[in-house]
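The structure appears below as structure tokens.
What follows draws every value from the coordinates through simple rules; no lab data is involved. Quick caveat, the model's predicted, so the values are computed rather than measured. Virtual Cβ from ideal backbone geometry, glycine too; neighbours counted across all protein chains shown.
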Amino acid sequence: MIAPTVLALDFDGVLCDGMKEYFQIAWRAYCHLWPLTDPTPPPGLAEQFYRVRPLIATGWEMPMLLRALLTGYSEAEMGEDWPGLSQRLVEQERLTAATLAAEVDGLRDQWIATDPASWLAEQSLYPGVAERLAVWLETVQVVIISTKEGRFIQQILQPCGVDLSRLRIFGKEAKQPKQQILRELKAEQPDAVFWFVEDRLQTLHVVQKQPDLSDVQLFLALWGYNTAAEKASVMGDAAIHLITLPQFCDQFADWY
Ligand SMILES: [Mg+2]
């Protein structure tokens, strides 16, 4: 493989570990939907949540993960068919995806508006990533493509000493799916060599299906938010390379 000239990176689950923030938001939403006399999360619940979080596709499912855990479903049962189980739970509780999404988004907006410092403090770069970004920014074009707001990405990177002037960020405000952003970047530089690192397998599969993006090398970040079943499903898929965090923080020749 030829080394990249443009390195396109997802943010959460690749550069940044936002799991603590996810749990905080999920717990706040849970307490709002199912009021408790004691709003302290039970011991061990956060760790259980971290393990099952990769099962979900969208943020509104997070309080339902907690509902399932706290009403006695095992992690194994949840892993068997989370889409089916979450649907049944949502119906049982007389909720909808839309109300759950409004709940989660509203609580996050409120947290950001009232205490942005504590919100940012729940998110940190994975070990070695800040150092590696500094190396890349000297040698390749780095583009971050994320569903998180670009301004939040900047606020997380800035204290880590990342030179933001050399970095392009396409966040939620770009209002474009990732494949479309990649397509536009490629149109700008038809001769560039693109590598794309993402932790969500479904997103990689979408990019994989675009005929005009077939020369983009795809990497699944094994340290991010994907399940053991998803990891296993990619073994032997020549089009999607599996990459570990130590490989990611090493030279490109060690990525595959
Ligand atoms: Mg991600």
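Here's the yes/no breakdown for (1) part of a helix (DSSP H, G or I); (2) in contact (Cβ under 8 Å) with a residue 40 or more places away in the chain:
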site	(1), (2)
V90	yes, no
A98	yes, no
P127	no, yes
W136	yes, yes
Quiz item: Which pairs do you get when a residue that is touching a residue at least 24 places away in the same chain (Cβ under 8 Å) and under 15 Å from A192 (Cα atoms), found in segment 207-220, comes within reach of a residue that is surrounded by 11 or more Cβ atoms within 10 Å (Cβ to Cβ) and hydrophobic (A, V, I, L, M, F, W, C), reach meaning Cβ atoms under 6 angstrom, with the pair 6+ apart or on two chains?
Solution: L213/L182; L213/V207; V216/F194; V216/F196; Q217/W195
Quiz item: Which one of these is more than 16 Å from the ligand (Cβ to nearest atom) and more than 20 Å from the chain's Cα centre (by Cα): S214, S233?
Solution: S214
Quiz item: Got a sec? Which of I169, I144, I243 is out of contact with any helix residue (DSSP H, G or I) (no Cβ under 7 Å at 6 or more places or on another chain), among the hydrophobic types (A, V, I, L, M, F, W, C) and within 16 Å of the ligand (Cβ to nearest atom)?
Solution: I243
Quiz prompt | Tally of residues being closer than 17 Å to T58 by Cβ and within 12 Å of the ligand (Cβ to nearest atom) across segment 172-203 | solution = 7
Quiz prompt | Members of segment 1-45 that are without any contact (Cβ under 8 Å) to a residue 24 or more places away in the chain, farther than 20 Å from D109 by Cβ and surrounded by 14 or more Cβ atoms within 10 Å (Cβ to Cβ) | solution = P41
Quiz item: Is it true that some residue in segment 51-61 is more than 30 Å from R132 (Cα to Cα), surrounded by fewer than 19 Cβ atoms within 10 Å (Cβ to Cβ) and of a type in the set (A, V, I, L, M)?
Solution: no
Practice problem: Only residues that are under 16 Å from the mean Cα position of the chain (by Cα) and either in a strand (DSSP E or B) or surrounded by fewer than 18 Cβ atoms within 10 Å (Cβ to Cβ) (or both): list them for segment 177-204, please. | Solution: P177, F196, V197, E198, Q202
